[in-house]
Amino acid sequence: MNTIEEIWNHYHSNLLAFIQKRVNDKTAAEDILQDIFVRIQSRIDTLENRSKLESWLYQITRNAIIDFYRSRKPLEELPE
């Protein structure tokens, strides 16, 4: 599996299901998945061992889910 298209075809359904178990908003889950594949495309050359592709994909997915929840965290107003 070398191309982003091949990775998408093989993993997108499983990754989407993984995300949807952790994010209750279907639209947000699909947005996260799209963001993940942008990250994959920009970083695929950093993957040294292709046999670790799946674990690498899930690590990126976990990080994207964390980023999603961080971005939704309401900011507290600082006292004057």
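Net charge of the neighbourhood of residue 32, taken over other residues with C-beta under 10 Å away and scored Lys/Arg +1, Asp/Glu -1, is -4. Look at where the Cα atoms of region 1-26 and of region 44-61 average out, and the two centres are 14 Å apart.
Between 0 and 90 degrees, rounded to the nearest ten: what's the tilt of helix 53-72 against the longest Cα principal axis of the chain? That helix lies at roughly 20 degrees to the long axis. Relative to the longest principal axis of the Cα atoms of the chain, the long axis of helix 4-22 makes an angle of roughly 40 degrees.
Any read-out appearing in this document is the output of simple, stated calculations on the displayed coordinates, not a laboratory observation. This one's a predicted model, so the numbers in the text were calculated from it and none came from an experiment. In this analysis, Cβ positions are derived from the backbone assuming ideal geometry, glycine residues included, and neighbour counts consider all displayed protein chains.
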